[in-house]
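FYI, it's all coordinate maths here, none of it is from the lab. Every value quoted in this text rests on a predicted model; they were computed, and no experiment measured them. We place every Cβ from the backbone using ideal geometry, glycine too, and count neighbours over all the protein chains shown.
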Amino acid sequence: MSDTDTSPLMRQYREIKRGYSDAVLLFRVGDFYEMFYEDAQIASKLLSIALTSRDKSSANPVPLCGVPFHAAQGYIAKLLKAGRTVALCEQVEDPKLAKGLVRREVVRVYTPGTLIDTEFLSPGESHFLAAVAFSDTTTPSAKGQPGIGLACLDISTGEFWMTEFQGTQAEILLMDELARLEPREVLYPDSHANAGLCLTRLRGPRLCAQPSASFNSKEAAQLLQAQFAVHSLDGFGCRGLSTGIGTAGAILRYVRETQPTTSLAHLRRIHTRWSSDAMHLDSATIRNLELVRPLDAREHRVEQDQPTVLSVLDRTVTAMGSRLLRQWLVRPLLDRGAIDDRLEAVGELKDRIQQRVSLRAALRNVQDMARLGSRVTLGVAGPRELLALKQSVSVLPELRSNLQSFHTSLLAGVRESWDDCRDMHDAIEQAIKPDAPLSLRDGGMIREGYHAGVDELRKASTEGKGWIASLEAKERERTGIDSLKIRYNQVFGYYIEITKTHLSRIPPDFIRKQTLVNAERFMTPELKELEERVTGAEMKLLALEQELFEQLRGRWATEVPRLHSMAQAVALLDVLACLAETAALHRYVKPLVDESSTILIREGRHPVVEQLNGDLTFVPNDTTLDCETNRLIILTGPNMAGKST
């Protein structure tokens with residue numbers, strides 16, 4: 001990057017760019033984000049936009065390209081898809097009030113694991129940022145031996161957890177867990193060669209080395225305690241998990257660095273996962289059983305056309321339910337009591353057709369409450385997202401009513417902890433217009449009657465156009481000039497335009513503003529007064545509406561834990577009802593699960609294979625295995641004879 005351009009703007013750019021050398025820096029200049037030097041050359045190719053230059057007459061012109069600020073999201077998405085990270089540099093003071101060069105700062109760094117924007121996220125998949133660290137041989141972890149720490153965060157929902165793996169199989173367990181999670185980005189200490197070498201076997205995530213100090217367990221514990229407003233992390237079940245705590249702290253530090261202006265108040269706790277919580281499925285098992293992806297999936301093939309266990313079972317109607325079902329498939333339960341609770345709930349929903357249909361119909365009106373709630377806390381939710389929240393919570397009373405007739409422990413437990421969030425619905429209903437714009441900067445989102453100041457300014461803004469029209473008619477009558485017009489542009493504001501053929505009729509109180517080829521433009525004291533009232537009202541109205549909206553959003557940001565709790569309840573209902581619907585459609589039966597050594601299946605059908613040939617009749621098979629006389633089955637036969645099923 002050359003220093004030949006010594007203008008104040010380019011000096012400011014170079015100073016900021018030095019802190020984000022690995023990212024494409026989008027530098028806000030007026031209504032555009034501009035890129036310079038190598039960034040411009042890279043971005044122009046990836047985004048298919050014109051590459052130009054500053055100071056074209058210079059011996060060393062600076063490469064330049066730019067995109068409109070209002071369309072930046074689409075261009076950022078393309079850069080991310082191409083494997084780039086993006087640093088967003090904004091003007092952080094009003095150019096009209098700035099003394100000299102406008103102050104600019106990087107307000108956000110877009111990386112694959114820290115995305116919160118809806119257009120960047122897949123509704124049915126979690127979006128994890130992971131961190132991995134290997135403990136030193138001199139620093140044994142909870143079980144008295146060296147291990148590997150893993151922490152994961154989905155910033156879009158607030159899901160945050162950690163775990164540790166010990167023993168000779170620790171690295172294998174780690175890789176299997178990462179295969180289940182499919183994180184978008186993985187952090188690791190730059191001093192741990194083992195971690196980097198191990199993670200290179202992963203396909204897909206961005207690997208990002210971080211300073212080893214970011215994984216220091218003592219500093220991480222202090223950081224996490226401050227975030228969760230607690231004096232100890234023992235209440236989260238992570239006593240002694242020093243390596244796991246270090247990875248969790250590294251994640252929190254990284255998110256704060258990449259989102260310096262964003263509140264992380266929705267991160268209120270961290271969960272600790274143990275290997276005994278769920279069945280361990282390795283990556284080969286997940287792949288070969290085609291749980292979530294087809295066995296022969298390729299980038300050039302359409303996966304949706306090939307059945308998997310997930311695609312066969314997934315009749316969820318909410319994004320939250322779809323994510324939870326996916327998690328259930330790759331983390332099967334081990335506890336018999338918990339398994340029976342799920343089976344009983346699915347069975348009751350399967351048997352009660354009318355109630356199931358009503359429940360699923362209501363669920364269809366619920367949007368992604370988990371991610372919407374997080375966006376409220378992060379301070380990025382717009383007017384329409386608050387309306388989406390209102391619509392979603394308006395369904396909660398109906399869902400509670402539908403649950404009244406169910407008696408199984410899982411469904412009854414959901415009903416007993418239910419929260420209609422009625423206060424949230426009513427507050428948004430009273431404040432936000434149903435046809436509110438997408439963006440906060442467009443204004444026009446506050447309802448009439450909500451705030452007297454808004455009503456007064458809106459009346460002045462609306463009636464101002466009528467005042468201008470009345471003044472135009474008045475001046476035409478006073479001057480006798482029928483072609484007199486009052487016009488407006490952003491440079492001169494309001495003005496009176498008169499053609500030169502009528503200049504002899506101009507009254508003495510007309511003040512000349514501009515001379516054109518065929519006309520003159522004038523201002524009068526009365527028009528000046530009206531202009532200040534009209535344009536001043538519009539600016540004050542927009543500022544007041546934005547202030548009221550931010551107050552409302554900030555008020556409900558503190559209540560987001562309630563919303564997240566209900567999002568989990570809705571997701572659970574959706575998955576249970578979905579499995580009941582699928583069981584009824586495919587004639588699945590409820591299994592009897594016990595702790596014996598016998599596996600007894602009568603007329604078993606493979607859920608994926610029977611979907612492959614819709615025109616053919618699937619032949620069910622019996623299976624008996626135990627620890628006595630049926631310890632082994634040897635299957636023989638030609639290819640495609642049905643051995644797999």
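Annotation note: trypsin sites (Lys or Arg not before Pro) in the range 25-87 located in DSSP loop regions with a Cβ neighbour count of at most 10 within 10 Å are Lys56. Calculated mean residue ellipticity at 222 nm for the chain: -13000 deg cm²/dmol, from DSSP H runs with n ≥ 4 weighted as -39500 (n - 2.57), summed, divided by the residue count and rounded to 500. Dividing the radius of gyration of the alpha carbons in the range 8-110 by their Kirkwood radius gives 0.95 for Rg/Rh. Fewest-first ordering of Arg415, Arg323 by other beta carbons within 10 Å of each residue's beta carbon gives Arg415, Arg323. Averaging 1/r over every pair of different alpha carbons in the range 553-645 and inverting the result gives a Kirkwood radius of 17.6 Å. At most 14 other C-beta atoms within 10 Å and a DSSP loop state: those are the exposed GluC sites (Glu not before Pro) I care about. Give me the longest piece of the chain that has none. Result for the longest clean stretch: 94-298. Near the amide H of Val24, within less than 5 Å, lie the amide hydrogens of Thr85, Val86, Ala87, all on another chain or at least 5 residues away, with H placed in the peptide plane. Take the alpha carbon gyration tensor of the range 121-277, find the square roots of its eigenvalues, order them as a ≥ b ≥ c, and report rounded if a/c is under 1.5; if not, report prolate when a/b exceeds b/c, else oblate. In terms of gyration-tensor shape, rounded. Across the range 333-347, rounded Karplus estimates of 3J(HN,Hα) from the backbone phi angles (6.51 cos²θ - 1.76 cosθ + 1.60, θ = phi - 60°) give 6, 10, 6, 4, x, 5, 5, 5, 4, 5, 4, 5, 5, 4, x Hz, Gly and Pro being marked x. Derived scalar couplings between HN and Hα for the range 239-248 equal 4, x, 8, 5, 5, x, 4, x, 5, 5 Hz in order, rounded to whole Hz, by the Karplus curve 6.51 cos²θ - 1.76 cosθ + 1.60 (θ = phi - 60°), x for Gly and Pro. Pairs of Lys residues in the range 8-110 are counted when their Cα atoms are under 30 angstrom apart and they lie 8 or more places apart or on different chains; the count is 12. Quick check on the range 311-461: take the gyration tensor over C-alpha atoms, sort the square-rooted eigenvalues as a ≥ b ≥ c, and tell me if it's rounded (a/c under 1.5), prolate or oblate. It comes out prolate by the Cα gyration axes. Summing Lys, Arg as +1 and Asp, Glu as -1, what charge do residues with Cβ under 12 Å from the Cβ of Ile245 carry, Ile245 excluded? Net charge in that neighbourhood comes out at -1.
What the Cα convex hull of the range 570-615 gives, in volume per residue, is 119 Å³.
Is the shape of the range 154-216 best called rounded, prolate or oblate, per the rule: a/c under 1.5 gives rounded, else a/b larger than b/c gives prolate, else oblate, with a ≥ b ≥ c the square roots of the Cα gyration tensor eigenvalues? Rounded. Computed over all pairs of different Cα atoms, the Kirkwood value for the hydrodynamic radius of the chain is 29.5 Å. Checking every one of the chymotrypsin sites (Phe, Trp or Tyr not before Pro) in the range 480-581 against DSSP loop status and a limit of 13 other Cβ atoms within 10 Å picks out Phe492.
Couplings 3J(HN,Hα) of the range 36-42, computed from phi: 10, 6, 4, 4, 5, 5, 5 Hz, in residue order, whole Hz [Karplus 6.51 cos²θ - 1.76 cosθ + 1.60, θ = phi - 60°; x for Gly and Pro]. Put in order of Cβ neighbour count within 10 Å, fewest first, the listed residues Lys350, Lys465 become Lys465, Lys350.
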